[in-house]
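The values are calculated or read from the model by the stated rules, or taken from the named source; none is laboratory data. Model, not experiment: these values are computed from the prediction. Every residue, glycine among them, receives a Cβ derived from its backbone with ideal geometry; neighbour counts consider all protein chains shown. Accessible surface is based on the protein model in full, side chains and every heavy atom, while ligands, DNA and RNA are left aside. Shrake-Rupley method; radii C 1.70, N 1.55, O 1.52, S 1.80 Å.
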Amino acid sequence: QVQLEESGGGLVQAGGSLRLSCAASGRIVSLNAMGWYRQHAGRQRELVTTITRDGSTNYADSVKGRFTITRDNAKNTVYLQMNSLKSEDTAVYYCNVEVRTSLYGPYMNYWGKGTLVTVSA
């Protein structure tokens, strides 16, 4: 099995910064795309950003220029640096990773349990 351990959420004032981490462990042969999603209270989960294995990134318009995703392939870890945080960034942030657990098997999606980010006005 594969486990995703998220960390770094918490309470921050508007304009501040936070850094989220998500480390994958377990039966991992290789990782493909990694990303972060978020879910505001009462709303559907939405894409924040993704990063491919070779480092290509994609961002939601609402976070462009403020958030940066990076990954450390040696540590099976993805990071989300969040700057200039706004109250509307308050949400539960979920890590998502595509993992291959056998040599010729498909990539499967795994989700973290989520970490709460609260931005106070």
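For this structure, a couple of remarks:
- Number of residues in the stretch 40-57 that are under 24 Å from residue 2 (Cα atoms), among the charged types (D, E, K, R) and in a loop (DSSP other than H, G, I, E, B): the value is 3.
- Some residue of the stretch 58-75 being more than 20 Å from residue 113 (Cα to Cα), assigned to a strand (DSSP E or B) and among the acidic types (Asp, Glu): yes
- Enumeration of residues in the stretch 1-38 that are open to solvent by 60 Å² or more (accessible area, probe 1.4 Å) and either of a type in the set (Asp, Glu) or farther than 18 Å from residue 68 by Cβ (or both): 1, 3, 5, 11, 13, 27, 29
- Only one of 63, 99, 78 that is over 24 Å from residue 15 (Cα atoms), at pLDDT 95 or above and surrounded by 13 or more Cβ atoms within 10 Å (Cβ to Cβ): 99
- Selection from the stretch 39-60 of residues that are surrounded by 12 or more Cβ atoms within 10 Å (Cβ to Cβ), of a type outside the set (Lys, Arg), more than 11 Å from the chain's Cα centre (by Cα) and over 20 Å from residue 100 (Cβ atoms): 39, 40, 46, 57, 58, 59, 60
- One residue stands out among those in the stretch 102-119 that are outside any strand (DSSP E or B) and under 10 Å from the mean Cα position of the chain (by Cα): the one that is surrounded by the most Cβ atoms within 10 Å (Cβ to Cβ), which is 112.
- Set side by side, the residues 53, 43 differ, and just one is under 15 Å from residue 76 (Cα atoms), without any contact (Cβ under 8 Å) to a residue 40 or more places away in the chain and out of contact with any helix residue (DSSP H, G or I) (no Cβ under 7 Å at 6 or more places or on another chain), which is 53.
- Taken as a whole, the condition of being within 26 Å of residue 43 (Cβ to Cβ) and in contact with a helix residue (DSSP H, G or I) (Cβ under 9 Å, 6 or more places away or on another chain) applies to residue 120.
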